[in-house]
1. State all residues of the stretch B:122-159 that are over 20 Å from residue A:233 (Cα atoms) and either in the same structural domain as residue B:24 (by TED's automatic domain parsing) or free of Cβ contacts under 8 Å to residues at least 24 places away in the same chain (or both); if no residue qualifies, say none.
2. Sort out which residues of the stretch A:1-17 are more than 12 Å from the ligand (Cβ to nearest atom), more than 9 Å from chain B (Cβ to nearest Cβ) and at pLDDT 90 or above, and write them in order of number.
3. If the requirement is being more than 19 Å from residue B:10 (Cβ to Cβ) and modelled with pLDDT under 85, which of these qualifies: A:55, A:117, A:90, A:39?
4. Consider the stretch A:124-155. How many of its residues are under 23 Å from residue A:251 (Cα atoms) and touching a helix residue (DSSP H, G or I) at 6+ places or on another chain (Cβ under 6 Å)?
5. Considering only the stretch A:18-49, state which residues are away from the ligand (no atom under 16 Å from the Cβ), in a helix (DSSP H, G or I) and more than 8 Å from every other protein chain (Cβ to nearest Cβ).
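The values are calculated or read from the model by the stated rules, or taken from the named source; none is laboratory data. What you are looking at is a predicted structure, and each value in this text was computed from that prediction instead of being measured. Cβ sites come from the backbone with ideal geometry, for glycine too, and all protein chains shown count toward neighbours.
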Ligand SMILES: [Zn+2]
């Protein structure tokens with residue numbers, strides 16, 4: 001009989017779920033390499049995980065139901081304009097203009113955010129999402145030189161909850177920019193960096209705190225002529241932490 | 001939050017929420033009712049939703065709570081034995097390699113899916129949230145309204161139950177091995 005291992009199975013599962021604290025991971029690797037019992041357990045849990053992947057998107061809603069639900073959640077459109085009839089004409093005109101202006105600004109922002117969300121989703125959906133695959137910021141930064149018309153600093157993420165996976169060149173409104181993909185547990189976060197030249201102002205608010213857009217959390221700011229966007233399906237506090245390290249590296 | 005944003009923010013979650021609902025209810029009509037009620041409640045409560053907090057976890061939480069108070073949910077759930085088990089101090093037995101595990105290797109994904117569908121609700125929902133919907137432990141804790149420690153221990157038991165369905169079903173509901 002081999003010596004029974006006292007490794008807590010919960011710790012093994014946390015490791016596989018990407019929830020183990022980064023400082024515990026080396027010890028875990030060492031243990032698995034020397035403990036056949038845990039190695040088998042890891043293999044079994046991995047097998048189970050693979051089996052369960054088939055449950056993702058296993059049940060799909062009918063188009064009919066989707067349409068029905070969309071109607072249910074769609075905001076009531078237009079009727080509010082009727083109110084204007086009771087306001088004196090000049091005031092009504094002013095109000096309409098203001099309404100049109102804020103609506104345009106608002107929809108332009110929403111569009112810009114959806115385009116950013118698209119860039120993020122495309123990277124996740126692509127089988128070869130990265131042009132440069134490296135966890136080393138000293139490899140990633142020089143790779144972009146000559147490929148994009150500006151330079152930026154990649155923060156040191158070693159020892160944090162974030163792991164740099166690599167980067168690629170992306171285009172937003174014909175402007176080339178950099179996209180970094182950063183992993184956090186099972187989630188992926190995109191960092192997008194573009195030039196913020198005045199002539200081609202991207203329709204983003206000057207800066208936002210991390211907020212939810214299209215089911216993603218987005219934070220954006222401008223610094224030294226560059227526009228930064230951080231987007232991912234994680235909490236605002238997590239986006240904020242990654243944003244802070246980027247701000248420090250590029251201040 | 002302005003309700004006008006609701007559609008834009010909540011609709012991208014529709015397919016995932018439907019999948020989760022169908023796995024919970026095991027039935028298309030019940031799943032549709034559940035999703036519809038979830039969106040209705042979320043729309044109503046959207047004003048109080050804080051921008052920047054986790055919309056995904058919030059929606060799953062509404063769906064899950066709605067399910068647990070629904071007719072099908074009440075019929076399916078019996079968490080008392082689970083809570084007792086958890087109150088007893090999270091004792092988790094050391095893992096061992098069993099013939100069942102080796103058996104699992106030879107079986108296909110369909111077997112895993114059938115075992116998932118047959119799991120008691122408290123185990124099924126946590127497996128779905130972690131493995132299928134890929135929520136973090138912290139998000140799962142928000143959805144289930146339990147501490148992260150409970151998420152970890154319940155998940156561990158759920159996985160054990162999934163691998164050895166006949167032995168560890170805490171509700172004592174016999175599961176016919178032939179249906180697995
Ligand atoms: Zn071990």
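1. Correct list: B:146, B:147, B:152.
2. A:16
3. Testing whether each residue is more than 19 Å from residue B:10 (Cβ to Cβ) and modelled with pLDDT under 85 leaves just A:90.
4. 3
5. A:22, A:23
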